[in-house]
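The values are calculated or read from the model by the stated rules, or taken from the named source; none is laboratory data. Given the structure is predicted, the values throughout are model-derived calculations rather than measurements. Virtual Cβ from ideal backbone geometry, glycine too; neighbours counted across all protein chains shown. We work out accessible area using only protein heavy atoms, side chains counted, and drop any ligands, DNA or RNA first. Shrake-Rupley method; radii C 1.70, N 1.55, O 1.52, S 1.80 Å.
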Amino acid sequence: MDYSQFLMMRQELGLLVVFLLVFLYDLFMPKKAQTHLPVFTTVLFAVFTLLGLNLFWAEGTAFGGMYESTMSTEAIKRILNIGALIVLIQSIKWANSEFVAVRRGEFYSLLLITLLGMYLMISARHFLLFVIGLETASLPLAALAAFNKNHYESHEAAIKYLLTAVFSSAIFMMGLSFVYALGGSLYFADLSTAIIGSESALLIVALAFVISGVGFKLSLVPFHLWTADVYQGAPTSVTSYLSVISKGAAAFAFMIILAQVFGSVYSQVWEWMLYALIILTITVGNLFAIRQKNLKRFLAFSSISQAGYIMLGVVANSTLGLASVMYYVLIYIFSNLAAFGVIQAVENNTGKVSMDEYNGLYKTNPKLSAAMMIAMFSLAGIPPFAGFFSKFFIFSATLQTESVALYVLVLIALINTIISLYYYLLVVKAMFINPNDNPIATFKSAISERIALVICVVGIMLLGVASCVYTFLTNVSTF
Amino acid sequence: MEITMYMYLIPSLIMFCCGVYGFITRKNMIAILISLELMLNAVDINFVVFNRFLFPGQMEGMIFTLFAIAIAAAETALAIAIIINIFRVVKNLDIRDITKMKF
């Protein structure tokens, strides 16, 4: 066997080294040093992320074509790394809190392993590796959702997540078995040649099953019912991880599957399925977000509608679409993590998560309110902030091919952007305008939370204006 | 009598549909887990049968099945652990009681 092919998996190997070091630290270091575990993990991961930004780029295939690393997969892995790093920084204080401290080693191990699963999912060019990656990414997340052992909601969230995850992966694998019957192989490349021009009913059923399986991970609308409950019940660190990293990885992997395996039956089969899914996802996500009072649930529904926007790039089915999906995920990571950072800071210090309790936050905590406002503006897509540019690029990528259906689709998405502005501004209104006799008292958030917020806010401000980021992503995006 | 592919596929389809039906209608969480197992096993049967009858020259479906079995086992173990934790709080296994968070 040629061991040099492992060099194609540099990102995976690097992450594995980080994971092993964290694991050994947790296992063997004396009790006194254990309190530094969160900082140790974060610094180690930061080194890994920053080194990865210009080192370790690899292109090639491994394991007989089961694993492929291209410039675009390498780029999306680094984007996910940045997001995971911010989540790690945010969770330092929580990991050192009283009830979590005993088990924090498990938190970090599980988190890093899910990231490894997502890497495999992204780079997989064979459905067996893809399924393994998918399960490695989703099973530990159920354990992480149940991490707040003394909160009943946490367990409720975990069981809801796990049962729906297994259900959807069973349906996904059923779809795969039909695909296997059609193509006689599970390699993406072999399958795509086997199904060229085929319009058999079996293919349509298989594709519907596959789309619903991945749609669950992305929380597209008919498969979104777990999202709000899990987001509310899980610890906030896990929620923020779930909402950005897991979603970004799934969106990218989804696009790769649709383009590489089912690319030849685009217009006959899956184009229209996706149209329906996108319209439903954006609209239902928006309408339900309006009536939420709990901020975590509110962000859950907002993330559902954001997933719909990401899918617009998938429907474009071009390299420009791929670039705008990556760009959207990058911006979405910064915006959503800024919002979650504020929520986490308030929750850690006061235990409050409901929107009414945020009334008058500006009077007592002006900096946090400003960060939240910028995050909301970016999520809604208001021009100076990065969210506007990501939406702009994703719409223009979708409109590359001229067809009436796509125009209607983008029009509906645009109308929904305006609806979403209403509820994003509700949060801003609560913080800045609504009167409150006893608002949340002034508090000083931990240094780690502040660092994470500053990174997010700077990212939101700069990433839209710095055009080099998008240019870079268009340059690297190839299927 | 010759045994054809459909004689395997139809039971597997019935198993899958029973699993979906059970997942939706069962009230006991363990019963829901059993329904999920039924669905996953139906997938395994499908893979093995397609491999055996349609592509006898290769082993891809069989290998996939082996991995699918391992994944299903991991899922069950995790689900049981979480169910035990819930049982400690609510003292029963009825899924209708798990409704603290909704809408």
For A:THR136, all conditions in the list (1) touching a helix residue (DSSP H, G or I) at 6+ places or on another chain (Cβ under 6 Å); (2) in contact (Cβ under 8 Å) with a residue 24 or more places away in the chain hold save one; what is the number of the exception? (2)
Taking only the range A:433-450 into account, find how many residues are in a helix (DSSP H, G or I), over 21 Å from the mean Cα position of the chain (by Cα) and of a type outside the set (Ser, Thr, Tyr). 2
Taking B:ILE34, is it assigned to a helix (DSSP H, G or I), within 27 Å of A:VAL230 (Cβ to Cβ) and facing chain A (nearest Cβ under 9 Å)? no
Over the range A:272-317, the set of residues of a type in the set (S, T, N, Q) and surrounded by fewer than 22 Cβ atoms within 10 Å (Cβ to Cβ) is A:THR283, A:GLN292, A:ASN294
Might you let me know whether the range A:238-248 holds any residue that is assigned to a helix (DSSP H, G or I), aromatic (Phe, Trp, Tyr) and surrounded by fewer than 18 Cβ atoms within 10 Å (Cβ to Cβ)? no
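So that you can scan it fast, the table gives a plain yes or no per residue for (1) of a type in the set (Val, Ile, Thr); (2) modelled with pLDDT of 90 or more; (3) in contact with a Ser or Thr (Cβ under 6 Å, 6 or more places away or on another chain):
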site: A:ARG104; (1), (2), (3): no, no, no
site: A:LEU110; (1), (2), (3): no, yes, no
site: A:TYR119; (1), (2), (3): no, yes, no
site: A:SER123; (1), (2), (3): no, yes, yes
site: A:VAL131; (1), (2), (3): yes, yes, no
site: A:LEU139; (1), (2), (3): no, yes, no
site: A:ALA146; (1), (2), (3): no, yes, yes
site: A:GLU156; (1), (2), (3): no, yes, no
site: A:TYR161; (1), (2), (3): no, yes, no
If I go through the range A:231-245 residue by residue, how many of them are more than 14 Å from every other protein chain (Cβ to nearest Cβ) and either under 13 Å from A:LYS160 (Cβ atoms) or modelled with pLDDT of 95 or more (or both)? 1
Search the range B:82-94 for residues being open to solvent by 50 Å² or more (accessible area, probe 1.4 Å) and either within 9 Å of another protein chain (Cβ to nearest Cβ) or in a helix (DSSP H, G or I) (or both), and hand back the single one that is modelled with the lowest pLDDT. B:VAL89
Within the set of pairs 6+ apart or on separate chains, which have a first residue in the range A:321-343 that is in a helix (DSSP H, G or I), a second that is open to solvent by 10 Å² or more (accessible area, probe 1.4 Å) and among the aromatic types (Phe, Trp, Tyr), and C-beta atoms under 7 Å apart? A:LEU322/A:PHE479; A:SER324/A:PHE393; A:TYR327/A:PHE393; A:TYR327/A:TYR470
Residue in the range A:185-226 that is farthest from A:TRP270 (Cα to Cα), counting only those that are out of contact with any Gly (no Cβ under 9 Å at 6 or more places or on another chain) and within 12 Å of chain B (Cβ to nearest Cβ): A:TRP226
Any residue at all in the range B:12-23 that's closer than 16 Å to A:LEU202 by Cβ, open to solvent by less than 60 Å² (accessible area, probe 1.4 Å) and out of contact with any Ser or Thr (no Cβ under 8 Å at 6 or more places or on another chain)? yes
So B:ILE45, is it assigned to a helix (DSSP H, G or I), of a type in the set (A, V, I, L, M) and in contact (Cβ under 8 Å) with a residue 60 or more places away in the chain: no
Return yes or no: is A:VAL458 assigned to a helix (DSSP H, G or I) and modelled with pLDDT of 90 or more? yes
So which of A:PHE48, A:PHE23 ends up being touching a residue at least 40 places away in the same chain (Cβ under 8 Å), in contact with a helix residue (DSSP H, G or I) (Cβ under 9 Å, 6 or more places away or on another chain) and under 18 Å from A:ILE113 (Cα atoms)? A:PHE23
Considering only residues of the range B:70-81 that are facing chain A (nearest Cβ under 7 Å) and of a type outside the set (Asp, Glu), which is least open to solvent (accessible area, probe 1.4 Å)? B:ALA79
Output the residues belonging to the range B:20-31 that are touching a residue at least 12 places away in the same chain (Cβ under 8 Å) and more than 9 Å from chain A (Cβ to nearest Cβ). B:TYR21, B:GLY22, B:ARG26, B:LYS27, B:ASN28, B:ILE30
Against the definition (within 24 Å of A:TYR241 (Cα to Cα) and of a type in the set (Lys, Arg)), how does A:LYS77 come out, yes or no? yes
Flag if A:GLN292 is farther than 19 Å from A:LEU414 by Cβ, polar (S, T, N, Q) and not in a helix (DSSP H, G or I): yes
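Answer yes or no as to whether A:ALA137 is crowded, with 23+ Cβ neighbours inside 10 Å and facing chain B (nearest Cβ under 9 Å). Write out each step before concluding.
Values: crowded, with 23+ Cβ neighbours inside 10 Å: yes; facing chain B (nearest Cβ under 9 Å): no.
Judged against the criteria, A:ALA137 is not a match.
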Within the range B:38-64, restricting attention to residues that are crowded, with 21+ Cβ neighbours inside 10 Å and among the polar types (S, T, N, Q), which residue is nearest to the other protein chains (Cβ to nearest Cβ)? B:ASN46
How many residues are open to solvent by less than 20 Å² (accessible area, probe 1.4 Å) and either in contact with a Ser or Thr (Cβ under 6 Å, 6 or more places away or on another chain) or in a helix (DSSP H, G or I) (or both) if we restrict to the range A:260-271? 4
Being assigned to a helix (DSSP H, G or I), at negative phi and under 24 Å from the mean Cα position of the chain (by Cα), is that true of even one residue in the range A:197-205? no
When you go through (1) open to solvent by less than 60 Å² (accessible area, probe 1.4 Å); (2) at the interface with chain A (Cβ under 9 Å from one of its Cβ atoms) one by one for B:PHE67, which number turns out not to apply? (1)
